[in-house]
Amino acid sequence: MDDQRAINQPGDSVDSTFDLVERAKTGDSAALNELFVRYLPPLRRWASGRLPRWTRDLMDTDDLVQETVFRAVKRMDRFEARHEGALQAYLRQAVVNRIRDEVRRAKRAPGSEVLDDNAPDVAASPLEKAIGAQALECYEAALGRLRPEERQAIVARVEMDGSYQEVAQALGKPSADAARMAVSRALLRLAEEMSRGE
């Protein structure tokens with residue numbers, strides 16, 4: 001393998017995430033910028049749906065994701081990319097951890113709003129919260145019982161809102177159609193696992 005392949009020039013074919021990570025570890029700012037461009041938008045979309053309504057604010061979500069990715073990238077030298085999709089999983093877990101921290105912080109912070117007895121309650125009812133928490137637990141448990149490739153396909157398509165082309169790249173599939181089939185099969189397996197858990 002020619003060492004020049006690892007250092008792609010503008011106009012070359014799209015670099016794999018693995019190549020970008022390796023280049024970023026050596027201090028390549030272009031590779032680092034490409035990782036930001038590739039991963040920030042889907043992580044922002046995913047995080048905005050994960051933050052509880054009472055902590056969610058579009059600007060706060062963007063800041064949270066950007067800060068988390070920035071911190072994770074600063075520790076890139078310790079990251080070991082064992083397969084395509086490893087960075088996506090690593091960044092997603094970093095964002096999940098940061099969301100948990102943000103929820104804890106918001107719970108501890110005293111409320112600063114003036115209470116209005118006539119204001120409608122827009123928060124989820126206790127029943128909605130219980131059903132939502134139960135469904136999320138069922139989903140997470142079922143997801144954990146899937147094979148790694150199935151889990152990665154669902155996370156890439158459903159949670160990260162990736163296109164089938166992006167999913168194909170993350171899974172190492174030859175085409176968007178192959179990724180679509182892999183996602184379909186993974187979703188069927190997820191549904192089976194979720195129905196077993198009920």
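Each value in this text was obtained by applying a stated rule to the coordinates, not by laboratory testing. Fair warning: this is a prediction, and the values are worked out from it, not measured in the lab. Backbone-built Cβ (ideal geometry, glycine too); neighbour counts: all protein chains shown.
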inquiry  = If I model a spin label as a point 7 Å beyond the Cα along the Cα-Cβ vector, how far apart are those points for residue 136 and residue 177 in nm?
reply    = 3.9
message = Please list log₁₀ I(q)/I(0) at q = 0.14, 0.29 Å⁻¹ for the stretch 127-193, using the Debye equation with identical point scatterers on the alpha-carbon positions.
response = -0.42, -1.18
